[in-house]
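A.B. asks: Questions regarding the structure given below will be posed in turn.
The values are calculated or read from the model by the stated rules, or taken from the named source; none is laboratory data. Since this is a predicted model, take the numbers as computed values, not measurements. Every residue, glycine among them, receives a Cβ derived from its backbone with ideal geometry; neighbour counts consider all protein chains shown. With ligands, DNA and RNA removed, areas are computed over all heavy atoms of the protein, side chains included. Shrake-Rupley method; radii C 1.70, N 1.55, O 1.52, S 1.80 Å.
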Amino acid sequence: MVFDSTPSLFNNTRSSSSDPYSEEYGNAMIVRAHPLGTARANNNVNVEGARGPGLEPCIGLEFDSADDAREFYSVYATRVGFRTRTGQLYRSRTDGSVASRRFVCSKEGFQLNSRMGCPAFIRVQRRDSGKWVVDQIHKDHNHELGDVEESRPPILPQRTPTGRKSSAKVSSKSKLKFLAEVDDGQPCFSRSISFKRIKTGGDGGQPKAEPYAGLVFSSVDEAFHFYLRYADEAGFKTRIGQLFRSKNDGSITSRRFVCSKEGFQHPSRVGCGAFMRIKRQDSGTWMVDRLQKDHNHDLEPQTRTHTKSSTASKKFIDEVNGGLDTLDLSEINNGVRSNISQGNNIGSEWYHLLLDYFQSKQAKDTGFFYSVQVDNGVCMSVFWADGRSRFASSQFGDAIVVDTSYRKTNYLVPFATFVGVNHHKQPVLLGCALIANESKESFIWLFRTWLRAMSGCRPKSIIADQDMAIQQAIAHVFPGTRHRFSMWQIRAKERENLRSLSNEFKYEYEKCIYDSQTNADFNTMWNALVNKYGLKENVWLKEMYEKRESWVPLYLRGTFFAGIPLNESMESLFGIFLNAETPLVEFIARYDQGLEQRREEERKEDFNCSNLQAFLQTKEPIEEQCRRLYTLAVFQLFQKELLQCYNYLGIKIYEEGTISRYSVRRCGNDSEKHMVTFSASNLNVSCSCQMFEFEGVLCRHVLRVFILLNMREIPSHYLLHRWTRNAEHGLVCDVDSGVSCQELKSLMVWSLRETACKYIESGTTSIEKYRLACEIMREGAKKFCRQR
């Protein structure tokens, strides 16, 4: 571009000469520029003439058709040294006709290895006259330009309009011209360039970005990149914040770019107030109208890391949605690149569908989180979790199932879920993902992202497949977390490797796996089995024996798994609504429907717990205590154990100081016995069956001893908060002492938000309940005021 400017443009005073094409706005100078090499627009120039040297695209160029514009851009591209593709089209909301088209550099986007997210393009818009006019343009490329004349693909033949004779030559009506009026023999121009006071930094006198109120940009993209550069120099990272829309037509009127530490929805965020807001002007430009530069945390001047990560985020933005102007993005992989160099099992059409869905969810749910894995500029795996799932994870994320059973079938979509068990013993969603491939790096990214979304609350146990990539990823991201193999995969492997063996073998195999009570018992039975049937060299059995601690019940009973059965798979959370074969067009609707049904079932159980009471079947005080605290489902489990304990005999066999040991055996069956150890000093108890360790509810053997000791109350540390009626209210009592203040604040935010949402749902069902809700809030506000 060539600027009609003089040295006075860099002064803060208006030039004495009256220039109709320049104006000063505060500290910013808006200068209109002439495209390089353009001729006067007094005479129309046809497309044949566009092949001549020097003619470049610019704002205001007019064409008879979109095909003429495409051909012109192809000719220009060949001369400059790049190739073109036809990009997005936009249709009229009125009649569905094409209203504008984009022609882009062939390296735009990331869906092929040859593409690198080049931003160069022109956009033409159809006017009421039927002409097509260039209204947006970007000439800069992010790659080297070269000679493409010889390898240039042939230009597609133009379609012959109805009722018009075809011609070997371009019609003389196929002309381009400048839309703007001509002044003093020069074509006028509409692109705006913003100048401001230039501050030089310390590295070689490079201009230093410094935002201020009144700074003008030609687009949202330009403003975003400016703020990224400023943040990089200042020493902080950025996120895209809120957008505001017009009440008249729904168009975006202003946007906020914020410090990455704004808000409190993640442990790394500290409520930083730094931001820059831009507002759309009548002229189409965007001006900084609000600005806060002060941070409430230390700044760390960075190298190029932030710039690179921001580029990765921007590449994804451009790929799936054509720029920032229509994007409301919370986080994209937190700007982190991964290195996988693997294939992608997710169809490219899924990204746009999910992004639209995520944007609509974020508008309603401020706790909604999503992240996209970016590998060398290519979108890979996707993770998302709404605010309720994130809150549920803080309460019920101690034992999780990573359900990747989509691999059972020839799937259309690699849809995986993170599932927990709530206080009603129901499956509860803790997050969803589309997994691009089954590499170790993909699963490491997935588990790290889930952990970040859940404020760093690590699970005690994970049920997931036994693939080596998953095993290594869990060991890497969740050191100390117990990994149990998925039963569906074990069953599939058993059918594959043991189907030729007799039913007698299968009976003895099941007995060895599920009836062994000690390590010695298991080893004896296993060795006898493989020797009897000549299976010492069976590769699969040898592998499973080496991994026995990850799937044999004997070795898993000492770890908390929220009672998820050891000999069967957990039911699919989405049931019949959603699976790996659900087509794209139905996915979102079925997902929402399935999730809503699960949450409706949870609401029904909440209602039943609040309004119904189980019958007592004994006169034991501990039964009344547990009925008062436990949910109906958990109390039913406890009551079953309590009733069964009357079928057992307890005999003290050892005592030393405050420690005593009891042998508890079933009446009439001496082979069924367990050892219970009790400490009178701290009321600690343990049983060899390890039911409490596995399920979080005391077993019949311990309850038999408590009755023998005439204990009228179960010690509080054996009544897990996660199983109580109030598990979703207040903070978890069982939280490890290592929880940070920021994590604690996040838990409080989610807890209050979920409680408020349920309160709002109830308060809007009728006018009477609404008035009651308002009265309760007023009383609550008074109590807050009194405590200040």
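A.B. asks: Explain nothing, just compute: Karplus ³J(HN,Hα) = 6.51 cos²θ - 1.76 cosθ + 1.60, θ = phi - 60°, for every residue of region 769-775 in order, whole Hz, x for Gly and Pro.
C.D. replies: With the stated coefficients, region 769-775 comes to 5, 4, 5, 5, 4, 4, 5 Hz.
A.B. asks: Got a number for the accessible area of V270? Probe 1.4 Å, square angstrom, nearest 10.
C.D. replies: It works out to around 60 Å².
A.B. asks: Just to verify a number: what accessible area does S74 come out at with the full protein assembly present, 1.4 Å probe, Å² rounded to tens?
C.D. replies: 10 Å²
A.B. asks: Could I ask something else about it? Can you pull the one-decimal nm distance between simple spin-label points at S251 and R91, each 7 Å off the Cα toward Cβ?
C.D. replies: Going by the 7 Å Cα→Cβ label model, 2.2 nm.
A.B. asks: When all protein chains stay in place, what accessible area (Å², nearest 10, 1.4 Å probe) is found for V124?
C.D. replies: 0 Å²
A.B. asks: Find, among the GluC sites (Glu not before Pro) in region 580-621, those assigned to loop by DSSP (not H, G, I, E, B) with at most 13 other beta-carbon atoms within 10 angstrom.
C.D. replies: E581
A.B. asks: With all protein chains present and a 1.4 Å probe, how do I474, I659 order by accessible area, largest first?
C.D. replies: Per-residue accessible area, sorted high to low, gives I659, I474.
A.B. asks: From the backbone phi of region 557-565, what are the Karplus-calculated ³J(HN,Hα) couplings (6.51 cos²θ - 1.76 cosθ + 1.60, θ = phi - 60°) in whole Hz, Gly and Pro given as x?
C.D. replies: Values per residue, Gly and Pro as x: 5, x, 10, 6, 10, 6, x, 5, x Hz.
A.B. asks: Between the alpha-carbon centers of region 370-394 and region 608-640, tell me the distance in whole angstrom.
C.D. replies: 39 Å
A.B. asks: Here is a further query. Sorting H476, H138 by accessible area (1.4 Å probe), largest first, what list results?
C.D. replies: H476, H138
A.B. asks: For K293 and Q125, what is the calculated FRET efficiency with R₀ set at 35 Å and r taken between the beta-carbons, to the nearest 0.05?
C.D. replies: Computed FRET efficiency for K293 and Q125: 0.40.
A.B. asks: Tell me the trypsin sites (Lys or Arg not before Pro) within region 549-643 that lie in a loop according to DSSP and have at most 13 other beta-carbon atoms within 10 Å.
C.D. replies: Of the trypsin sites (Lys or Arg not before Pro), the ones in loops of region 549-643 whose Cβ has at most 13 other Cβ atoms within 10 Å are K619.
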